[in-house]
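Novice: Can you keep this structure in mind? I'll have questions shortly.
Only the coordinates and a few stated rules stand behind these numbers; no lab work does. If you're wondering where the values come from, they're calculated on a predicted model, not measured in any experiment. Positions of Cβ are backbone-derived with ideal geometry, glycine not excepted, and every protein chain shown enters the neighbour counts.
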Amino acid sequence: MNRRILLGGLAAAPAFWSRALAEAVGVPRDAFVKPAAQITSANQVLGVMDFEPLARDALPPAHFAYIATGADDDRTVVRNHEAFSDYQIRARRFNEVARLSLATTVFGERWSSPLYLSAVSAMRAFHPDAELAVARAARTRSTQMMLSTGADTGTEDARAARGAPIWQQLYATNDFDVTTALVRRAEKAGATAIFLTVDSPGARNNETLRRAMRIDNRDCNACHVNGNHNMWAGSKRAMFQEIDTSRVTGLSPPALTTEFLDRLRGIVKGKLVIKGVVTGEDAAIALAHGADGIVVSNHGGRNEETLRASIDCLPEVVSAVRGRVPVFVDGGVRRGTDIFKALALGAAGVGIGRPQAWGLAAFGQSGVEAVLDILNTELANIMRQAGTPDVASIRPEFVVGPKR
């Protein structure tokens, strides 16, 4: 698939088709596909990837491209998912799987599933209900939610909509007073963990987004400050209201050093998790400076064109952590089998970003709920097939790979 042609032209809909089947039998993808115009509800969607063209059809070009874009040639975006195919599942027999449980415990909290909703910024660009719809879906599906610093909804309202504490993702900005204010606000609203993003130290080359903006003839000033789609956009973003942002020039300063980690650890009262770690060396540094958890993530391939998939980075981070804190992973998760593989490789929880945005754009709250339902159903299916009746039984010996 040529994502540049797909996303730049914004015309094709390859997500409806199984590429493996197409290559194997040479049947046109339209042969078995229900046209997008005939899908009128979230419960008609069969797989998570089917939500992508529905979102594209529902959104203006630049808004869809904001979800879709990667860095440079978008190859890391593609690699994030394709890398899961390098790991194969060793299904075991002769195990009792009549009773199956997806439940797990994270930071002392009982989860119904190891799947969680990772932070996605500016979700009003996808649906008028924005993060509130996501939070309500998280509530009905008993799923943990991480709110972005660039959200269109404040922590207080998101927490109320979910009906339970949420996690707060943190962009530190270049003003520590603003960082402190963001942490204080989130903790006052009941956020149980602060997730510091460390993989955004400078400018990023989002060509797919920029190409789509050229063909999007809407007046962006209706949504953005002076046409500026900078995520924090002064006091207009919900999380920055009533905070003096006059000295803020960027969301993530290049000086995110160990000294900064120590300073942040000093003000965070709850759990501090470092998001964006992709090497064992950096995981060890994060732990040495007080991290309570690690998220293996490359920002969905949006910031850097390294071509290292998150799932490929997971084993070395897990090895470096040695069970001292939970390790989470996000990036490229599109199937329940992806979740299974991540759990087998040591993840305590598995986050999704783009899929929830696709579901939200297509059908609002019910779309997000359907994404969660599909992934959890697929996870349950492969757990039963692999002979793993619960999450704790999904161990490294259940996967083989990567193949080279």
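Novice: In what sequence do GLU378, GLU82, GLU397 fall when counting other Cβ within 10 Å, fewest first?
Specialist: GLU397, GLU82, GLU378
Novice: Which order results if SER319, SER148 are arranged by neighbouring Cβ count within 10 Å, fewest first? Can you show the working numbers first?
Specialist: Numbers: SER319 12, SER148 26.
Listing SER319, SER148 from fewest to most nearby Cβ atoms yields SER319, SER148.
Novice: May I ask what percent, to the nearest 5, of DSSP beta bridges between residues of the chain are antiparallel?
Specialist: 20
Novice: Hey, another quick one. Under 13 Å Cα-Cα from LYS188, which aspartates and glutamates qualify once same-chain neighbours fewer than 8 residues away are excluded?
Specialist: GLU156, ASP157
Novice: Moving to a separate point now. By its C-alpha gyration tensor, with a ≥ b ≥ c as the square roots of the eigenvalues, how is segment 267-348 shaped: rounded for a/c under 1.5, else prolate for a/b larger than b/c, else oblate?
Specialist: prolate
Novice: Residues with amide H under 5 Å of LYS275's amide H, sequence separation 5 or more or different chain, H placed in the peptide plane at 1.01 Å from N; which?
Specialist: Residues meeting the amide H criterion: LEU196, THR197, VAL198, VAL295.
Novice: May I ask you to list, by number, the DSSP H helices of the chain whose Cα span along the axis is at least 24 Å and whose average Kyte-Doolittle hydropathy reaches 0.0 or more?
Specialist: 365-386
Novice: Let me ask something else about it. Using a 10 Å cut-off around each Cβ, can you sort ARG124, ARG93 from fewest to most neighbouring Cβ atoms?
Specialist: Ascending Cβ contact count within 10 Å gives the list ARG93, ARG124.
Novice: Using only the Cα atoms of segment 250-392, build the gyration tensor, take square roots of its eigenvalues as a ≥ b ≥ c, and label the shape rounded, prolate or oblate: rounded if a/c is under 1.5, else prolate if a/b is larger than b/c, else oblate.
Specialist: Taking the square roots of the gyration eigenvalues as a ≥ b ≥ c, segment 250-392 is prolate.
Novice: Rounded, prolate or oblate: which fits segment 330-404 when a ≥ b ≥ c are the square roots of the eigenvalues of the alpha-carbon gyration tensor, with rounded for a/c under 1.5 and prolate only if a/b beats b/c?
Specialist: Prolate.
Novice: Under 5 Å between amide H atoms, partner at least 5 residues away or on a different chain: which partners does VAL399 have, H built in plane at 1.01 Å?
Specialist: ARG90
Novice: Where nothing but the Cβ of Lys and Arg (+1) and of Asp and Glu (-1) is charged, how large is the charge dipole of the chain around its Cα centre, in debye to the nearest 20?
Specialist: Dipole magnitude for the chain comes out near 580 debye.
Novice: Largest first and to the nearest Å, give the Cα extent of segment 89-400 along each principal axis.
Specialist: 63, 43, 37
Novice: Moving on. Quote the Stokes-Einstein diffusion coefficient, in whole µm² s⁻¹, for segment 160-211, based on the Kirkwood radius over alpha carbon pairs, a temperature of 25 °C and a viscosity of 0.890 mPa s.
Specialist: 189
Novice: Which is farthest toward the positive dipole end of the chain among SER310, ALA172, THR153, measuring Cα position about the Cα centre, with Cβ charges +1 (Lys, Arg) and -1 (Asp, Glu)?
Specialist: After comparing all options, I get SER310.
Novice: When the label point is put 7 Å from the Cα of SER142 along its Cα-to-beta-carbon vector, which residues of segment 105-126 have a backbone N closer than 15 Å?
Specialist: Flagged as within label range: 105-106, 109-116.
Novice: GNM on the chain, C-alpha springs below 10 Å: top fluctuator among ASP199, ASP292, ASP216?
Specialist: Between ASP199, ASP292, ASP216, it is ASP216 that shows the largest mean-square fluctuation.
Novice: In sequence order, what are the phi-derived ³J(HN,Hα) couplings for segment 102-116 according to the Karplus relation 6.51 cos²θ - 1.76 cosθ + 1.60 with θ = phi - 60°, rounded to whole Hz, with x for glycine and proline?
Specialist: For segment 102-116, the Karplus curve yields 8, 5, 8, 10, 10, 6, x, 9, 7, 9, 6, 7, x, 7, 9 Hz.
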